């Protein structure tokens, strides 16, 4: 079972910051997970929320603000994280956020960046997965060399996931552990998020989950032994 650092190993650190991902390496994570958004000048940054309020206490809407004007928030660019993943040989799971006013532009920009690093990605041997709760977003990425993961909080949507990886929440998995068997029977893999409790990590391990996203890679590594 692979361990992905959810927004980095950010317990005590700022989520999706360079120190958080460096901590993930130190804690033995197999990969990084991040959320991405476009700034007003179409720079791809690793940022979960639509604005900066929760992280910084100061509001700036990401899509309406240029990267240079977001310096107060110190956002990590996806390209910087990709470079770190290649150097450290860590897999990378990239979630595109929706709905957004620019529609599918985020997928196009992310794919363009990944294709520009295609040689380095191949040489490093890392695996890239593009993820979203948006089915249309995953449709935009399906004709590429990269894996796709359809994320869901509802079991009723799982059978409609035409992606090679299915991404249920840990809450959904607790309620419906049979999802793992059903997904595997279809020849697909399963990526569970966000798994922070020891009992939940053990549950995922028992069920044969392929990968988890966790805020605490060190705990997951301890459980896995």
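Descriptive notes on the structure:
- Of the criteria (1) without any contact (Cβ under 8 Å) to a residue 40 or more places away in the chain; (2) within 30 Å of residue 222 (Cα to Cα); (3) crowded, with 20+ Cβ neighbours inside 10 Å, which one residue 19 fails: (3)
- Of the residues making up the stretch 68-83, those that are surrounded by fewer than 19 Cβ atoms within 10 Å (Cβ to Cβ) and touching a strand residue (DSSP E or B) at 6+ places or on another chain (Cβ under 8 Å) are 77, 79.
- Condition met for residue 12 (surrounded by fewer than 18 Cβ atoms within 10 Å (Cβ to Cβ) and either assigned to a loop (DSSP other than H, G, I, E, B) or at pLDDT 95 or above (or both)): yes
- Taking the stretch 142-158 as the range and being assigned to a loop (DSSP other than H, G, I, E, B), closer than 19 Å to residue 91 by Cβ and touching a helix residue (DSSP H, G or I) at 6+ places or on another chain (Cβ under 7 Å) as the test, the residues that pass are 144, 146.
- Flag if residue 86 is out of contact with any helix residue (DSSP H, G or I) (no Cβ under 7 Å at 6 or more places or on another chain), under 25 Å from residue 14 (Cβ atoms) and modelled with pLDDT of 95 or more: no
- Test for residue 92: is it over 15 Å from residue 147 (Cβ atoms), touching a residue at least 24 places away in the same chain (Cβ under 8 Å) and touching a helix residue (DSSP H, G or I) at 6+ places or on another chain (Cβ under 7 Å): no
- When the stretch 24-53 is filtered for residues that are surrounded by 15 or more Cβ atoms within 10 Å (Cβ to Cβ), more than 23 Å from residue 99 (Cα to Cα) and out of contact with any helix residue (DSSP H, G or I) (no Cβ under 8 Å at 6 or more places or on another chain), only 30 remains.
The values are calculated or read from the model by the stated rules, or taken from the named source; none is laboratory data. Note that the coordinates shown come from a computational prediction; the quantities given were computed from them, not determined experimentally. In this analysis, Cβ positions are derived from the backbone assuming ideal geometry, glycine residues included, and neighbour counts consider all displayed protein chains.
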